[in-house]
Structure formats: structure tokens, C-alpha cells
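Notes to accompany the following structure.
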Amino acid sequence: DNGDGSQTIYTNGVPSHPTWDFPDQKTNNPNEIKAAPTTLKINTTPVMRSEPLYCLPMGTIGVATSGVSIWSWYPAESGCPDVTEFEELDFCEGHPGPPPTGNMYHYHYYSPCVQVQVCGQPSPLYGVALDGIPIYGPIDENGKELTRKDLDECGGRYDKDGRYKYHVTMDPYYTISCFKGEIRTDSGKLLREFRCTCPYSDTPYKTKPSNFDDNPIICEEGATGSDPLVCTQPNITAMAEKFEYEWKFIDTDVMMTPCCPDGSECGKSCITTESELSTSCTQESRNIPKYTRVKKGTDGGDSGAVGTASTLLVMVVVLVEMF
């Protein structure tokens, strides 16, 4: 606690758990893991925005209790693919970024190495977001495993005590999809990272290196460090209309959170270094409406998801406007 209503989070970017050895031939990831020191300042008591910040910044949007940065579920690639369809991650569901990111190891969705989830028990704290709002695992205070349909447009909810919190889930968006809270001017996040890209536009990623000329910076500094960033969001509906993909809820079999039966000894993770379920743990398969990328004008897309379209097929912008 800094004594001024803020707290400072520091991480050297090196995970507190084992990882695969990178560069890794299995995943074709050519990058090695390097220390990527990160210092962020957040509000001790979150200040809620009047309207969510829908355009997530590039790179770090939160930090897990393992010291690993949390990124959004979109890799910086043309088409804004689901990261699970773009690259196989290691057994902790992480990977290092390219040199421009400092080779930062990061998560795009739930990592079983952050916490050992006890079956049917409330998830412990998973991390904290850039806006100071806590992030919890996928099981709520009543022992229910949450999916995206249980959460609001940002991936959060108010618990029974009236506290707002984000949750990571096993289905997309997997983690935060917009910010409900204000981000401090002195947060430590670079202004140039606040641009509106995926899932509304992949224009910068159609070239290598990425070209952000058509996706300007959307935030500027407040009057003082403790003031929130002043952000002007573009018309995301218009941006999405120009994009060749949309997102629909498609009924799909999804593997839910691997968990340790209450009273059992499951070690430090329910997933082995070979990416297999530990014999001490269990994992349920459930058919749920999964948010899935599809090419416009098709009913099943090119994402490889198996299932049939659910009752309401909605584009991401429509989902945003429902809340």
C-alpha cells in the first residue's frame, strides 16, 4: 500500500512454476523466456467506470498470483484467432512472446499452475487486473463452475456480498474482455499500447511488422498520476462491420476446469508436464454455448469447433450491447 489510495505490483515476469523449455519445437514457438520486469500501479479500491473500456490494450491487462502477466485471448495475428487455435501452449497454458515484448512469458486464459482448484470449492484469488479489480478462478462462492454465459460483457459479476470481480473461465473469452474500472494515469502502462484492435479489427496484423497507422492511440493522460486515463473509444460497431469474422455462440463440448477432489493430495497442479490430467484430479466435459469465431456468411465457421448453432447467434458487438 502506497498510502495514497494505490498499490504497486512488481513482477520480474519469470513464472513461479515450471514451464516447457523454450524455444520449443513441439509448439514451433521460437522465443525463449527472459525476465521482463513489470511495475504497475492500481487503485486500492477500484473506481468503476460509467461505461466499460471495450478496447483492451495490447500486452499486459493483469497479473496472476504466479507473477505472470495476463494478456487477452487474441494473439496479435491477422484474423484475431482464438489463441488455442493459433498455437499450442505449454502445460501451464503459457508461452513467451517475441523480442518486442521482452520475451515475456504470459497467459491468454486459465492456467492450472496458478492454483490447484479443489472440486466444488470457491476458487481462490487468481490475480488482479490493470483497473484494480480482483480476478478469481472459475468457481464461484457457491461452488458453481462459471462459463461465459454466467458473466457480464467484461467477464465479471457481483458476488453475493456485492463485490465486483472478474473470473477466468474455460471458454472464451477465458479472461477479461473489457475494463469495468478506471486505469490510473501512473499505472505504468504505455499509452501506445491503448489501441482498438482485436476482436474489432485486425488491420495492424495484416502486415509484419504490424502497422498501427489506422488504429490510433485511444487514451491520454489525466491531469495527475492518480487521475484516470482519459479514453475515447472508436465506433466498435462500425469497426466490426468491416471485419471478415464474427463471433457466435455454438454448442460445443468443452473440457471444464481440472480439479482436485476435496481431501485428496494433488501436488502443485492438476496437469502434468506432458499436458495430461493428473491421476489424482478429475475433469468434466460439458456441452455449453461456446463463443466461437466464424467467417461471416457461414453457420459454422473455420475455427474447427464441433457443434450446432445455439438459439441466438450474436456478434461480439451485439453481446456488448446486451448489457
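Available extension along the chain between residue 21 and residue 78 is 17.8 nm, counting 0.36 nm per residue and deducting the alpha carbon span.
Pairs exceeding 29 Å between alpha-carbon atoms, taken from 149/180; 41/208; 34/144; 180/242: 41/208; 34/144.
Calculate for the chain the 222 nm mean residue ellipticity that helices alone would give, adding -39,500 (n - 2.57) per DSSP H run of length 4 or more and normalising by residue count, nearest 500 deg cm²/dmol. That comes out to -1500 deg cm²/dmol.
The peptide list 164-170, 122-128, 233-239, put in order of mean Cβ contacts within 10 Å with the highest first, becomes 164-170, 122-128, 233-239. Using a simple spin-label model with pseudo-atoms 7 Å out from Cα toward Cβ, residue 10 and residue 286 lie 4.0 nm apart.
Shown for the range 148-216: the carbon plus sulfur share of the solvent-accessible area, taken with all protein chains present and a 1.4 angstrom probe, equals 45%. Ignoring aspartates and glutamates fewer than eight residues from residue 189 along the same chain, the ones with Cα atoms less than 13 angstrom from its Cα are 131, 220, 221.
The shape of the chain comes out rounded: with a ≥ b ≥ c from the C-alpha gyration tensor, a/c is under 1.5.
Counting protein heavy atoms only, the range 1-118 has 49 percent of its accessible area on carbon and sulfur, 1.4 angstrom probe. So, counting K/R as plus one and D/E as minus one, what does the shell of residues with Cβ under 9 Å around residue 296 add up to? Net charge around residue 296: -1. For the chain, the solvent-accessible area works out to 44 Å² per residue, with a probe of 1.4 Å and every protein chain left in place. For the range 138-186, the equivalent ellipsoid derived from the alpha-carbon gyration tensor has semi-axes of 20, 14, 8 Å in decreasing order. Length gained on full extension, residue 233 to residue 220: 3.5 nm, using 0.36 nm per residue less the C-alpha separation.
Here residue 35 and residue 158 are evaluated by their C-beta separation; at R0 = 35 Å the FRET efficiency comes out at 0.40.
The values are calculated or read from the model by the stated rules, or taken from the named source; none is laboratory data. Computed from a predicted model, the values in this text were never measured in an experiment. Methodologically, a virtual Cβ is constructed for each residue, glycine included, from the backbone with ideal geometry; neighbour enumeration extends over all protein chains shown. These accessible areas exclude ligands, DNA and RNA; they are computed on the full protein's heavy atoms, side chains included. Shrake-Rupley method; radii C 1.70, N 1.55, O 1.52, S 1.80 Å.
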